[in-house]
1. Residues to consider are ARG234, ARG215; find the one that is touching a Phe, Trp or Tyr at 6+ places or on another chain (Cβ under 9 Å) and at positive phi.
2. Out of all the residues in region 25-48, which are crowded, with 19+ Cβ neighbours inside 10 Å, outside any helix (DSSP H, G or I) and among the β-branched types (Val, Ile, Thr)?
3. Only one of TYR134, TYR178 is among the aromatic types (Phe, Trp, Tyr), in the same structural domain as ASP220 (by TED's automatic domain parsing) and over 23 Å from THR314 (Cα atoms). Can you tell me which?
4. So THR344 ticks every box in (1) surrounded by fewer than 20 Cβ atoms within 10 Å (Cβ to Cβ); (2) among the hydroxyl-bearing types (Ser, Thr, Tyr); (3) out of contact with any Leu (no Cβ under 7 Å at 6 or more places or on another chain) but one. Which box is left unticked?
5. Pick from ARG394, ARG402: which is at pLDDT 95 or above, assigned to a loop (DSSP other than H, G, I, E, B) and out of contact with any strand residue (DSSP E or B) (no Cβ under 7 Å at 6 or more places or on another chain)?
6. Would you be able to tell me the number of residues in region 190-215 that are buried (at least 24 other Cβ atoms within 10 Å of the Cβ) and of a type in the set (Asp, Glu)?
7. Mind telling me which of the residues THR344, THR330 ends up being polar (S, T, N, Q) and within 29 Å of MET208 (Cα to Cα)?
Amino acid sequence: MPIYDNLEVADPDIYNALMGEIKRQKEGVELIPSENYISPAVMEIMGSVFNNKYSEGYPGRRYYGGQEYTDCVESLAIERATKLFNCEHANVQPHAGAPANLALYFALLEPGDTVLGMDLSHGGHLTHGHPVTYITKVFNFVRYKMKDVETGEIDYDEMREVAIRERPKIILAGFSAYPRELDYAKMKAIADEVGAYTVADMAHIAGMIAGKALRNPFDDGFDVITTTTHKSLRGPRGGMILCKNLDLGKKIDKSVFPGFQGGPIMQMVAAKAVAFKEALKPEFKDYAAQIITNAKKMADVFMDNGAKLVTNGTDNHLMMVDCVTSWGITGQETETLFDRIGVTLNKNMIPDDPRKPMDPSGIRFGTPAITTRGMKEADVEMIAKFMLQAVEKRNDDSAIERLHDEVIDFCLKFPVPGINA
């Protein structure tokens, strides 16, 4: 485990919180689909002297001097990202996924233009035009949904009708709580018919695309991909924008800086470069495939035991359970229950949920983090059984405490990268 002697002396309160979080991660099961563990190498560079350097601009075109090494790491990050995702241009500077999406909108749109994206209640993301976000004051967002919630099939006929009626400038693929794979070719055909750009927000599934376990939207002619770098891609917290067309790339670069950001966070850019190199290794393909294998196994165990899964299964890394229908408890109650046995996931609305976001009907969970720890099918089956036992014995405090002890013993068999080094 890394040494934190300086921190322990300088700030005991933060040091104690850090030790507590390390213990929680070692002893618990992390099933939040958007969380993962970074390698020791990525963790090291994140705490490096690159934090000290301002680097406004782009490699070879900086506003400050002293950039030979920052240019080096950013150029490597760009080179590796374009190779990883088979594209011509990469902007690796966005501080996070949401700013990446905002910069993308302003690169391609004029105020008042329309974006067609997935409805949040059917698995979309806040940055795809939910009314609570400020971006909806600038652009017009219209939505598509699933045609059949039992299978997860998107209503592409309705998508086409909406596109013809609304004439969007962007058709947006991507999600935060959708267990199936989108048909990028159908979306591209609709976009071509109405003269729209095609953009994929692959924040959740970037690692599986990089590892060739899921389809790359660029293979179906998409114009742009936005993503985070810290989920299934196992990099630092940050964002990235990729595109096939170099002219689009110039617009995107100008929108990111100086349009939305000042200096890039160079230690994070360097960490992205390290993570991309790791993702280019052959073993990363095995990891990406195992994420999906583990998710399908876990979904099967839950369904075999009577749980109602949204879309009745999964094709990617995540699944959602309708807790009210399955067990007669809410998503919030289920999240709290699983916290008590050391299994972390999140409450989540199900499609057209009659309940509110902070007390929804469902939960969302996935397998990237546990797969990083080396867990395979038999292990995820064990985790599912822990969870199902917790539901069955939720009113028995002593049984829940015993289950928590079992979860701790189970987790300690699987090292956490960067912690158990």
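1. ARG234
2. VAL29, ILE38
3. Just one listed residue meets the conditions, TYR134.
4. (3)
5. Unique residue meeting the criteria: ARG394.
6. 1
7. Residue meeting the stated conditions: THR344.
Per-residue answers, yes or no, for (1) acidic (Asp, Glu); (2) buried (at least 16 other Cβ atoms within 10 Å of the Cβ); (3) farther than 24 Å from LYS347 by Cα:
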residue: HIS122; (1), (2), (3): no, yes, no
residue: HIS125; (1), (2), (3): no, yes, no
residue: GLY129; (1), (2), (3): no, yes, no
residue: VAL132; (1), (2), (3): no, no, no
residue: ILE135; (1), (2), (3): no, yes, yes
residue: ASN140; (1), (2), (3): no, yes, yes
residue: GLU150; (1), (2), (3): yes, no, no
residue: GLU153; (1), (2), (3): yes, no, no
residue: ASP157; (1), (2), (3): yes, no, yes
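The values are calculated or read from the model by the stated rules, or taken from the named source; none is laboratory data. Treat the numbers as computed from the prediction; the structure is a model and nothing was measured. Reconstructed Cβ throughout: ideal geometry from the backbone, glycine too, with neighbour counts over all protein chains shown.
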